[in-house]
Amino acid sequence: MSPTRRGTLLGAASLLALRPRIGVAATTRLVGVIEEDPPFFNPAISSTISSFVAGSPVYSALMRVNANGVFSGDLAEKWEVSPDGMVYTFHLRHGITWHDGTAFTSADVAFSIGQVSAKLHPYRGALNAIDTYETPDDNTAVLRLKHPQGSLMISLTNFITNILPKHLWEGTDFSRNTHNLAPIGTGPFKFVEFVPGDHILYARNDKYFLPGSPPADELLFRIMPDPSARVEAFQNGEIDMIYSSAVPASSIDRLRKMPGTALRFSKLQQSAYQAYINMRNAPYSDKRVRQALAHTIDRGFIRNTAFPGGLAQNMVGPVSPSSALYNKALQDYTLDPAKAEALLDEAGFKRGSDGTRFSLRYVFGAADLPASKIGDIMARNLAAVGIKVVLRPVDRGTFLQMAFINNEFDMVAGSFNVGPDPDVGIERFYNSHNIFNIPFVNNSPYVNHEVDDLFDQQRVQTDPAKRKAIYDRIQAIIWEDLPVFPFCAYSLPGVVHDDIAGVFLGHSSLLEDFAFAKPAG
């Protein structure tokens, strides 16, 4: 590791605190970035990217999965699934302790999955299949299902079910528990400090349950909202890596050409730029208006402009085209402003004396470059059919408040994870049982009871062909109703200096725990 990357650009007080003492061996430190101050460090109940990134080094899950979809044990040393797919038995590693020294047991597993993630996580759909949790001894957890659930195993990774310490969470208000910002887990790194607007520091867990891990003594995230500053810091050797969502798409070619740089993609990570359409009020409560948007917005130009270099794919329907359940038979909306005008007239929204029909409040994160480019393109497109786009770039906190608490938008856009299985990444946007005032669920809010029933039907299918047939119907209905507008599917890599080993090899760089990350030098 270069001398520059051993430290970071912190305030003087922080630098003094992190400097090795005289006579003590130099500290090996990994330095990464995070895009914002995380609202909390608890990926067991949140799908907020910064919560994933900040919490993953601290917590562990039952299972791991690599970038090719191969499972291995994490807290679980071994596991069995009954032939009928109805019973999952996990044999936990012995001798694991929480960072506060308390023994980890199967009771923590049953509590975390059953009382926390299954009730609160936005991606919890597959966990609804679990009927009972049994803990016959401290090192065995048994999940008995109501029906087979093909996407359960991926749901038992740190994508959804990070395991929390029962002794610190049981009986508390989960949203107000102080450990949301001072996490205690079983993971490879212990939380040390969070200085808002500056950095998050972690120290090696010397009692981590995987021998020899983690190789690094410290992990530090610099909080860097500016995408250009992140790339500059990487190029200058001030940071070791950037996870995928923090990599500006416009900088991929530049990063690819930097000597000593590795771009690491995952076959499982499926992402999309899309926008909730607020269906609570007219005109957007009318399906014809939403379809008119689809006939007017030039999604091909958006793909080529916001994601140059072939990083984006056309997304017809709600499911990523890289998914095995993608409905290839769906017909795309043609780019046809004249048809859009006819739909708007039919819906009763005629042009006024100034040529305007109505306005569209487009809310997006001020630091979100693709969303900003999408807004500019969309404003030009929709002006041609009499819709005035009002661009509302806001900071992250305001974005979450406007979009998911106050519902002050007509369209709210951003990057969303839509994989690795539609049960996990897709259903949350469309199932009417998932309408809550929390981020990244069904906030259109869309209600279609046939779709709800179809989600239930596909969940019990063990025949892949029958499951796909049901998902084909789900996609067809949603594509006609358009409660959420997909601009494109895309894939961005995690970026790391190639002398750093063991980083971004899992199913998502957002969920990297750095257990195997070995600093250079």
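Just checking, does segment 466-481 include any residue being part of a loop (DSSP other than H, G, I, E, B) and either without any contact (Cβ under 8 Å) to a residue 60 or more places away in the chain or not small (G, A, S) (or both)? No: segment 466-481 contains no residue that is part of a loop (DSSP other than H, G, I, E, B) and either without any contact (Cβ under 8 Å) to a residue 60 or more places away in the chain or not small (G, A, S) (or both). Of all residues in segment 275-318, those that are part of a loop (DSSP other than H, G, I, E, B), out of contact with any Asp or Glu (no Cβ under 8 Å at 6 or more places or on another chain) and under 12 Å from F487 (Cα atoms) total 6. Which of the residues belonging to segment 62-75 are under 16 Å from T105 (Cα atoms) and either in the same structural domain as Y202 (by TED's automatic domain parsing) or touching a helix residue (DSSP H, G or I) at 6+ places or on another chain (Cβ under 9 Å) (or both)? Hits for segment 62-75 are L62, M63, L75. Filtering segment 318-345 to residues that are more than 27 Å from A383 (Cβ to Cβ), surrounded by fewer than 19 Cβ atoms within 10 Å (Cβ to Cβ) and not polar (S, T, N, Q) leaves P321, A324, K328, A329, L330.
Pull up segment 95-148, narrow it to residues that are among the β-branched types (V, I, T) and part of a strand (DSSP E or B), then point me to the one that is nearest to S82 (Cα to Cα). Here the residue is V142.
Residue by residue through segment 365-378, note down the ones that are touching a helix residue (DSSP H, G or I) at 6+ places or on another chain (Cβ under 7 Å) and over 20 Å from G300 (Cβ atoms).
Our first condition is that a residue be touching a helix residue (DSSP H, G or I) at 6+ places or on another chain (Cβ under 7 Å); within segment 365-378, this holds for 365, 367, 369-370, 373-374, 377.
Listed by number, the residues that qualify are G365, A367.
Of the residues making up segment 436-459, those that are surrounded by fewer than 20 Cβ atoms within 10 Å (Cβ to Cβ) and under 26 Å from N158 (Cβ atoms) number 4. Within segment 133-150, which residues are small (G, A, S) and closer than 19 Å to S60 by Cα? Selection gives A141 alone.
If you scan segment 245-298, which residues turn out to be basic (K, R) and either within 23 Å of M378 (Cα to Cα) or crowded, with 23+ Cβ neighbours inside 10 Å (or both)?
Of everything in segment 245-298, those that are basic (K, R) and either within 23 Å of M378 (Cα to Cα) or crowded, with 23+ Cβ neighbours inside 10 Å (or both) turn out to be R280, K287, R288, R290.
Here's a check for you: in segment 101-123, which residue that is buried (at least 23 other Cβ atoms within 10 Å of the Cβ) and either out of contact with any helix residue (DSSP H, G or I) (no Cβ under 8 Å at 6 or more places or on another chain) or of a type in the set (D, E, K, R) (or both) is nearest to F159 (Cα to Cα)? The qualifying residue nearest to F159 (Cα to Cα) is V109. Taken together, S245, S228, S251 contain a single residue that is in a helix (DSSP H, G or I), among the hydroxyl-bearing types (S, T, Y) and without any contact (Cβ under 8 Å) to a residue 24 or more places away in the chain, which is S228. Which of the residues that make up segment 392-421 are over 23 Å from S359 (Cβ atoms) and either outside the structural domain of I435 (by TED's automatic domain parsing) or among the hydrophobic types (A, V, I, L, M, F, W, C) (or both)? Across segment 392-421, the qualifying residues are F416, V418.
The values are calculated or read from the model by the stated rules, or taken from the named source; none is laboratory data. Note that the structure is predicted; figures quoted are calculated from it, not measured. Note: ideal-geometry Cβ built from the backbone for every residue, glycine included; neighbour counts use all protein chains shown.
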